Every structure is written in C-alpha cells, then in structure tokens.
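These notes concern the structure reproduced below.
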Amino acid sequence: MGKGESSSKKVITKEEWEKKLSEVKIRKEDMNRLVMNFLVTEGYVEAAEKFQHESGTQHIDLGTITDRMAVRKAVQCGQVEDAIDKVNDLNPEILDTNPQLFFHLQQQRLIELIRAGKVEEALEFAQEELAPRGEENHAFLEELERTVALLAFDDASTCPVKEVKELLDNAQRQKTASELNAAILTSQSHEKDPKLPSLLKMLIWAQNQLDEKASYPRINDLVNATLEEPVT
C-alpha cells in the first residue's frame, strides 16, 4: 500500500473507538448463554457445571455431555464398534436416519482394521458391510475405493498417494468423531456447532473489510481482545 493510499484513510483514535464500543449494550444473560453454548457443544463438562452454578444460566442435563464425550472419545481412539454401541444406547434413531454418518463410521472401522494389519478381515468387512452401500451411492463407492487402496501396500503408511494415506491420520478419526458429535447434538436439540468461533470469524472478516476504509484500533490478539493503536 502506498503512502498516499494510507493517508487517505479515515483515522479513528483509540479513544473514539472505545467510546463507540461503550455505547453497545450486550445483556449479561446473552453473554452467559454464549459461553454455556460453547462449553456444552465442545463437551467441557466440569467447566459447564461450574459456570452453570455461578452464572445461574438455564439448567442443562450435563449427563448428556458425558455420554456424548464418551462416544466421541471412542472414535478418536479407533474404538468404532464401541462408539456405535454407545450412540445406539443414547438414541438408535441417530444412525438409523443418517446413512452417510453410518457409512463413515463403517469406513472408519475398515480403516482401523487396515491400520492393525488385519488384511483378510478388512477385505471381508469391506465386501460384506461397505460394498453393498457403495453400489447404492456413487459417493460412498468412491470413498470405499480410496480406503481399499490402502490394502495395495504391505505397509499402508508407505502409500505415496496423499489422499489415500491421509485416511490413516488422526485427523480422519477426528473428522468422523466430529460428524458423529454433531449428529448427537442435533438429536438432543442442541446446535451442532458452537456460536463463539463463528462470531470470531465474523469479527476477523469485518475487520478485514474495514481495513480498506479506515485506520482504527484493530484487535489482533483474539485471546486477550487487546485494541491496538491505529496505524497512521
């Protein structure tokens, strides 16, 4: 950015900005609900229990969080069959009404068999449990083919194809666990995603838009929400 372009921007001092912020009224109850929404959605049971007591927010059955976290942890540890049993104990309709989620859980079971080197069991499982679903859904078939490609290598971790090898990453377990977590939240009439991260993304977007028109006290440190001095 040239000097002339920078100097043409409107400069808003920190004092002016803080005055504008002070005029924005946000109810404490709304802030408390925002925090509780994050704690419940992300599964921070002890923090949610303490915050609920201290803030007096609406009572939430925190036992459901513990059950949901047990399901998510099972997937993250590769114990997919255990996770399926747990989610069926919570609500069998979750998997009955979500074929894509159930396929991804079964796909994760196949990945865990391959990870453990159980080639014959993996092939049998793919043929009996996943292939019929792939015949009904082209997207499922593509995912199945990508997963089975791991069996072409004596050591699946040496697969040179990134899109195939990444199935063995913990990020794949996390992806499946997050999808299941969102489905459980929806079944419990909770929002599947916390609002707080979305608000932070909106803040970043709004600041980027405003950067083109003005120099103002920007928030670069999102953790501490520190207002920086405007660049002049």
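Shape descriptor for region 92-190: Rg over Rh equals 0.99 (Cα atoms; Rh from the Kirkwood inverse mean 1/r). Toward the positive end of the charge dipole of region 15-65, with +1 on the Cβ of Lys and Arg and -1 on the Cβ of Asp and Glu, the farthest Cα among ILE65, TYR44, ILE26 is that of ILE26. Of all segments of the chain bounded by trypsin sites (Lys or Arg not before Pro) found in a DSSP loop with no more than 15 other C-beta atoms within 10 Å, the longest spans 28-117. Site pair MET69 and LEU95 shows an inter-label distance of 2.3 nm when each label is modelled 7 Å from Cα along Cα→Cβ. Shape of the chain from its Cα gyration tensor (a ≥ b ≥ c, root eigenvalues): rounded if a/c is under 1.5, otherwise prolate when a/b > b/c, or oblate? The shape class here is oblate. With a cut-off of 17 Å on the backbone N, the residues of region 13-42 near the modelled label site 7 Å out from LEU199 along Cα-Cβ are 21-42. For region 92-190, the relative contact order is 28 percent, taking Cα pairs closer than 8 Å that sit 6 or more residues apart in sequence and dividing their mean separation by the residue count. Taken along the Cα-to-beta-carbon direction at a fixed 7 Å, the label points for GLU142 and ILE26 span 4.0 nm. Comparing GLU212, GLU129, GLU42, which has the greatest mean-square fluctuation in the GNM of the chain with Cα pairs linked when under 10 Å apart? With Cα springs under 10 Å in the chain, the top fluctuation among GLU212, GLU129, GLU42 is at GLU212. Solvent exposure of ASP193, expressed as accessible area, is near 90 Å², computed with a probe of 1.4 Å over the protein chains only. Our helix-only sum for the chain, with -39,500 (n - 2.57) per DSSP H run of n ≥ 4 divided by its residues, gives a mean residue ellipticity at 222 nm of -19000 deg cm²/dmol. Over region 92-190, accessible surface divided per residue gives 56 Å², non-protein components excluded, 1.4 Å probe.
For the chain, with all protein chains in place and a probe radius of 1.4 Å, 51% of the accessible heavy-atom surface sits on carbon or sulfur. Among ALA182, ALA74, ALA116, the largest mean-square fluctuation in a Gaussian network model of the chain (Cα springs under 10 Å) belongs to ALA116. Model label points for LYS19 and ALA116, set 7 angstrom from Cα along the Cα-to-Cβ axis, are 6.8 nm apart. Our summary gives the chain a relative contact order of 28 percent, counting only alpha carbon pairs under 8 angstrom and 6 or more residues apart. Which lysines have a Cα lying under 28 Å from the Cα of LYS118, excluding residues fewer than 8 positions away in the same chain? Correct list for LYS118: LYS73, LYS86, LYS162, LYS165, LYS175. Under a Gaussian network description of the chain, with springs only between Cα atoms under 10 Å, the residue in THR97, THR176, THR41 that fluctuates furthest is THR97. Straight-line reach from LYS28: taking Cα to Cα under 25 Å and skipping same-chain neighbours fewer than 8 places apart, the lysines in range are LYS14, LYS19, LYS20, LYS50, LYS192, LYS195, LYS201.
The values are calculated or read from the model by the stated rules, or taken from the named source; none is laboratory data. Please read these numbers as outputs of a predicted model, since none were measured by experiment. So basically every Cβ, Gly included, is an ideal-geometry build from the backbone, and we count neighbours across all protein chains shown. The area values use the complete protein model at the heavy-atom level, side chains included, leaving out ligands, DNA and RNA. Shrake-Rupley method; radii C 1.70, N 1.55, O 1.52, S 1.80 Å.
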